[in-house]
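Peer 1: Would you mind keeping the following structure in view while I ask a few things?
Every number here is computed from the coordinates shown, using simple stated rules; none is lab data. From a predicted model like this one, the values you see are computed outputs, not experimental measurements. Cβ: placed from backbone, ideal geometry, glycine included. Neighbour counts: every protein chain shown.
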Amino acid sequence: MKPIRLLSGLFTVGFWTLASRILGFLREILLTAFIGPGPVMDAFVAAFRLPNMFRRFFAEGAFNAAFVPMFSKRLEGGEDAVGFARDAFNLLSTAVLALVGLAMVFMPALVWATAEGFHGDERFDLAVGYGYIVFPYILFMSLAALFSGVLNATGRFAAAAAAPVLLNIFACSALIAGALLGGEVIDWLIRVIPAAGVAQLALVWFAAERAGIRIRPGLPRLTPEMRHMVRIAVPAALAMGVTQINLVVGQLVASKTEKAVSWLFAADRLYQLPLGVVGIAVGIVLLPDLSRRLRAGDDTGARDAFSRAGEFSLLLTIPSTVAFLVMPLALVSVLFQRGQFGPEDSAATALAVAIYGIGLPSFMLQKLLQPLYFAREDTKSPFRYAVVAMVVNAALAFGLYPLVGWIAPAIAASAAGWVMVGLLAIGARRMGDVARFDARFHERAWRIVVASGAMGAALLVAVRFGGWMLSVPSWRYLALFGLIVLGAMVYFAAGQAIGAFRMAEFKRALRRG
């Protein structure tokens with residue numbers, strides 16, 4: 001077996017995901033500045049969430065959870081992996097085209113089902129109109145996800161990881177053009193989204209061609225392999241899409257309060273930065289690596305890959321959680337407070353960021369634990385766990401709303417995330433040592449927590465005595481940058497000193513990448 005270079009793959013995916021998230025931040029900064037919390041932004045968030053929700057089910061969720069392990073094992077076994085990918089492409093194309101057609105007919109019902117609180121005011125008609133334009137994005141992104149899965153299974157991560165950058169480049173350009181050239185800025189934004197999807201698909205399709213994997217459209221065939229893939233994919237749809245479903249439930253609750261959808265959306269984008277860099281990178285790289293190692297009977301290598309991915313996850317997730325708890329208002333006010341986004345919006349969004357921060361490690365751990373199941377083509381167990389987590393989320397979101405108001409969805413999402421992790425961890429015990437962290441992980445995990453605690457203490461002192469600079473327009477950007485640099489220096493210095501990690505390991509991984 002030609003092994004996938006786990007750490008270099010994680011750094012490659014992490015780098016491009018970080019670039020995408022930074023540009024995504026710029027997109028949200030422009031969105032909140034030019035449009036701001038209110039009916040138009042609420043409607044855009046609800047409409048754009050529709051294709052992204054279904055994308056998690058059809059592409060990055062159900063389809064890749066079934067497709068990537070099966071393709072990886074055929075690739076490892078020298079079977080007709082390209083033919084399998086071609087059949088999967090045609091089946092996925094047909095399914096998503098049918099979904100797009102149904103969505104065009106039933107768009108008002110989709111908006112009502114996911115944002116019922118909009119009904120009766122201008123947000124509803126706006127969301128429906130935006131939905132007609134942005135929903136076809138799912139077709140291009142679903143097909144791009146298939147090509148990305150093919151590239152990842154062969155150990156080629158760069159093109160697939162870089163593709164999402166294009167969406168944010170297109171979106172930022174459209175927002176800036178709309179502000180400079182006149183007209184409704186939102187119209188520029190929504191019309192560029194399908195075009196960005198075409199560009200993303202073209203990038204990964206071309207990369208697959210260069211890798212020698214030639215896939216062409218054709219009529220779908222329900223071969224025994226495709227039927228088996230569908231049987232695996234259906235329960236994976238819910239297992240991988242649980243976060244999206246929880247977000248929709250949260251949106252249903254938040255839509256009852258004006259601006260709450262926008263506040264939760266801004267908070268979601270902030271905590272998605274570390275989750276995207278770490279969690280998505282781990283899920284993308286670990287799944288094909290585990291699948292190929294299990295096929296080759298390399299249990300020792302599989303356990304090592306699982307443990308090293310766990311270390312990488314803790315490395316950035318724990319300090320991010322501490323930062324969200326210690327200085328959420330500093331982050332939100334500097335990043336978002338301008339134009340139509342005022343101090344009240346910053347305070348509300350910061351509260352949501354802190355609560356999401358409590359759940360951040362759970363969202364990351366799901367990305368780490370789910371590949372243990374999917375690599376074994378077991379999607380039914382995560383499906384059952386996801387049902388429990390969704391019930392917990394819905395019960396808390398609707399049950400807490402009369403007590404705590406619009407923040408209930410954030411509390412519910414974090415609690416449901418930890419329930420899901422607990423169930424995944426308990427279920428993984430039957431897999432034996434392969435699904436258990438090794439001694440090195442346990443030795444380093446507590447040290448990472450200690451280093452993160454030292455960072456949090458330093459940030460608390462800095463915000464206490466120098467926080468006034470964050471409210472001064474000419475100083476706030478420099479002040480936030482100083483806090484980030486201070487936190488990073490304390491964290492990495494403490495971590496290196498107590499053996500939480502070794503910087504030399506990162507350098508070797510980057511050289512190999």
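Peer 1: When a footprinting reagent is the concern and you count Cβ atoms within 10 Å, what order do Thr300, Thr317 take, fewest first?
Peer 2: Thr300, Thr317
Peer 1: Place the peptides 177-189, 161-173 in order of packing, highest mean first, counting for every residue the other Cβ atoms within 10 Å and averaging per peptide.
Peer 2: Listed from highest to lowest mean packing, they are 161-173, 177-189.
Peer 1: Something else about it: Karplus couplings for the range 431-437 from phi (6.51 cos²θ - 1.76 cosθ + 1.60, θ = phi - 60°), rounded to Hz, Gly and Pro as x?
Peer 2: Rounded to whole hertz, the list is 7, x, 5, 4, 9, 10, 5.
Peer 1: Separate question: Could you count how many Lys pairs in the chain have their Cα atoms under 23 Å apart, skipping same-chain pairs fewer than 8 positions apart?
Peer 2: For the chain, the number of qualifying lysine pairs is 5.
Peer 1: Run the numbers for Ala296 and Leu460: contour at 0.36 nm per residue of separation, minus the present Cα-Cα distance, in nm.
Peer 2: Gain on stretching Ala296 to Leu460: 54.1 nm.
Peer 1: Among (i) 33, 30, 21; (ii) 44, 30, 20; (iii) 36, 27, 22, which is the computed semi-axes √(5λ) of the Cα gyration tensor in Å?
Peer 2: (i)
Peer 1: Which shape class, rounded, prolate or oblate, goes with the range 124-230 when its Cα gyration tensor gives a ≥ b ≥ c as root eigenvalues, a/c under 1.5 marks rounded, and past that a/b bigger than b/c marks prolate?
Peer 2: Here the range 124-230 falls in the oblate category.
Peer 1: Turning to a different aspect of this structure: What FRET efficiency comes out for the pair Lys380/Arg191, r = Cβ-Cβ distance, R0 = 45 Å, nearest 0.05?
Peer 2: So, using R0 = 45 Å, E works out to roughly 0.65.
Peer 1: Multiply the residue gap between Arg430 and Ala179 by 0.36 nm, knock off their C-alpha separation, and tell me the result in nm, one decimal place.
Peer 2: Computed gain between Arg430 and Ala179 is 84.7 nm.
Peer 1: With θ set to phi - 60°, apply the Karplus curve 6.51 cos²θ - 1.76 cosθ + 1.60 along the range 103-114 and write out the HN-Hα couplings as whole Hz, x wherever there is a Gly or Pro.
Peer 2: Running phi through 6.51 cos²θ - 1.76 cosθ + 1.60 with θ = phi - 60° gives 5, 5, 6, 10, 4, x, 5, 5, 5, 4, 5, 9 Hz.
Peer 1: Determine the calculated [θ] at 222 nm for the chain from helices alone, applying -39500 (n - 2.57) to every DSSP H run no shorter than 4 residues and normalising by the residue count; nearest 500 deg cm²/dmol. Could you put the intermediate results ahead of the total?
Peer 2: Values: 20 runs with 412 residues, N = 513.
Computed ellipticity for the chain at 222 nm equals -28000 deg cm²/dmol.
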